[in-house]
Amino acid sequence: MSLLQRLEKQKSLQQEQAEQQELSLTRRDLRQQNRGQLQELTLNLHKKVISKLNDTSEDSKENPDLLAQKIEALVNELLDEENENIARTQRQLIVAEIIDETIGFGPITPLLNDPNISEVMVNGPNQVYVERDGKLVLTGVKFRDNAHVLHIIEKIVAPIGRRIDESMPMVDARLPDGSRVNAIIPPLALNGPTVTIRKFSKDPYTVDDLIKFGTITPQMAQFLEACVKSRLNIVVSGGTGSGKTTTLNVLSSFIPADERIVTIEDAAELQLRQEHVITLESRPPNIEGKGAITIRDLVRNSLRMRPERIVVGEVRSGEALDMLQAMNTGHDGSLTTGHANAPRDMLSRLETMVLMAGMDLPVRAIREQISSAIDLIIQQNRFRDGSRRITHITEVQGMEGEVIILQDLFTFRQTGVDENGRIKGSFQSTGIRPKFIHRLESSGIKLPADIFSPSIF
């Protein structure tokens with residue numbers, strides 16, 4: 001082979017490698033590389049696309065797939081008219097960004113569509129973190145400026161009747177798929193508009209998923225299913241991000257399909273699969289500071305709706321009193337969650353929340369209400385490696401003197417950390433049969449005799 005042929009072959013090989021490298025670039029890398037030169041072009045194209053879409057029929061606007069195809073055709077048409085010499089990969093990037101901006105939620109749309117991401121955190125326009133596999137990771141996603149972030153926030157909150165401005169700079173909302181959104185803007189947020197999105201999977205997790213994740217064991221799951229079907233009142237406690245709502249969803253799936261369920265939440269997140277479900281959502285005050293409907297108002301109203309099950313997304317304040325009264329007046333099988341670090345702490349928090357209702361009740365009366373209303377506390381924790389586990393399933397046995405008696409039935413004991421930083425430990429049965437076992441049996445549920453025998457799972 002001549003020198004010229006070798007040089008031509010080497011040049012061809014280098015060109016092929018360059019093309020392969022260009023094809024392998026991620027969408028994030030393309031954004032970073034072309035941000036400066038493509039941003040102005042993309043903005044101008046977006047304005048033109050929006051003006052042309054105003055003439056589009058309502059049918060295509062309501063169909064996201066048809067609208068995305070229409071936008072792609074418009075962008076390519078505009079680029080051809082303006083004789084823009086744009087590479088194919090860059091053209092695809094422009095089309096994708098305009099589609100995300102028009103029918104999605106801007107730059108974070110790919111993150112919201114990624115099933116491996118469980119949380120998206122926007123800390124101003126230049127910093128976006130995600131939680132992937134329980135770990136926080138900084139992404140290369142950026143917004144143009146604060147106004148761009150504000151536009152996306154308004155796009156999220158407007159369809160559900162919420163608002164955010166200087167007079168109300170904080171808002172809780174939800175995405176169409178039920179994902180929870182919290183936003184806070186300047187002057188309260190000094191880093192710029194801040195958005196936290198807790199994603200939910202399109203298909204709600206089942207008890208089999210929790211077993212697969214190591215959150216719970218089959219024996220514990222069988223026991224909890226029996227408790228829900230036997231109409232025990234259950235509180236799921238845990239810290240922020242510990243998976244309380246996911247566990248509440250799973251517990252709710254055990255409710256028989258022929259029962260009337262009323263769910264009450266600040267922002268509707270629960271994804272119940274039963275047919276007879278009434279979903280209630282609280283309402284913030286209007287621009288005049290009036291018209292607020294609180295969780296407590298909804299709990300009281302739900303008692304007039306002939307509910308067979310009341311599911312409160314989370315008790316935070318005075319609604320705890322109404323919830324306890326409902327549990328004590330024939331509404332068995334109610335479910336709720338609360339923030340606490342341990343089952344005993346959950347009882348203390350409930351006492352505090354009852355006092356927040358403004359009722360001047362003696363502590364003993366409050367504790368008697370709690371002990372007679374709640375049958376079971378499920379404690380869930382998030383560990384350093386990002387895993388979530390149910391660490392306690394605890395029975396509320398009643399009062400002894402001035403103290404509420406608790407008895408652990410199942411626990412998780414951490415034994416260490418492996419070489420990869422993963423938590424090591426085991427689930428254990430304490431060997432104690434709950435006092436409410438007769439309620440399970442009277443409901444026709446027979447648990448295996450060895451489910452309460454002291455053992456390690």
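What to note about this one:
- Modelled spin labels at S167 and S372, positioned 7 Å past Cα toward Cβ, are 4.6 nm from each other.
- Per-residue Cβ neighbour rank within 10 angstrom, fewest leading, I404, I98: I404, I98
- Footprinting exposure proxy for D360, D322, D100, D385 (fewest neighbouring C-beta atoms within 10 Å first): D360, D385, D100, D322
- Backbone amide hydrogens, once placed in the peptide plane, bring R389 within less than 5 Å of N381, F383, excluding anything fewer than 5 places away on its chain.
- Placed amide H near I445: partners under 5 Å, 5+ positions off or other chain: none
- Working note: Karplus 6.51/-1.76/1.60 with θ = phi - 60° gives the range 217-223 the couplings 9, x, 5, 5, 4, 4, 5 Hz, where Gly and Pro are set to x.
- Full extension of the segment from K435 to T294, taken as 0.36 nm per residue of separation minus the current Cα-Cα distance, would add 47.2 nm.
- Over the range 335-457, volume per residue of the alpha carbon convex hull, in Å³: 134
- Contact order normalised by residue count of the range 64-175, Cα under 8 Å, 6+ apart, percent: 14
- The string of couplings for the range 259-264 from the Karplus curve (6.51, -1.76, 1.60, θ = phi - 60°) is 9, 7, 10, 10, 9, 10 Hz, one whole number per residue in order, with x for Gly and Pro.
- Projected over all directions and averaged, the alpha-carbon convex hull of the range 390-457 occupies 6.3 nm².
- Under 12 Å from the M399 label point (7 Å along Cα→beta-carbon), backbone N, the range 340-379: 362-373
- Residues with amide H under 5 Å from that of E119, placed H, sequence gap 5 or more: E131, K199
- Those trypsin sites (Lys or Arg not before Pro) in the range 231-300 that DSSP places in a loop and that have at most 11 other beta carbons within 10 Å: K290
- Applied to the range 225-242, the Karplus parametrisation 6.51 cos²θ - 1.76 cosθ + 1.60 on θ = phi - 60° returns per-residue 3J(HN,Hα) values of 4, 5, 5, 5, 5, 8, 6, 7, 8, 10, 10, 9, 10, x, x, 5, x, 7 Hz, with x for Gly and Pro.
- Length gained on full extension, T329 to S455, computed as 0.36 nm times the residue gap minus the Cα-Cα distance: 41.6 nm.
- Model label zone, D345; criterion: amide N under 11 Å from point 7 Å along Cα-to-beta-carbon; scope the range 364-404: 380-382
No lab work stands behind these numbers, since they all come straight from the coordinates. Remember, predicted model here, so these are calculated numbers, not experimental data. Neighbour counts are summed over all protein chains in view; Cβ atoms, including those assigned to glycine, are modelled from backbone coordinates with ideal geometry.
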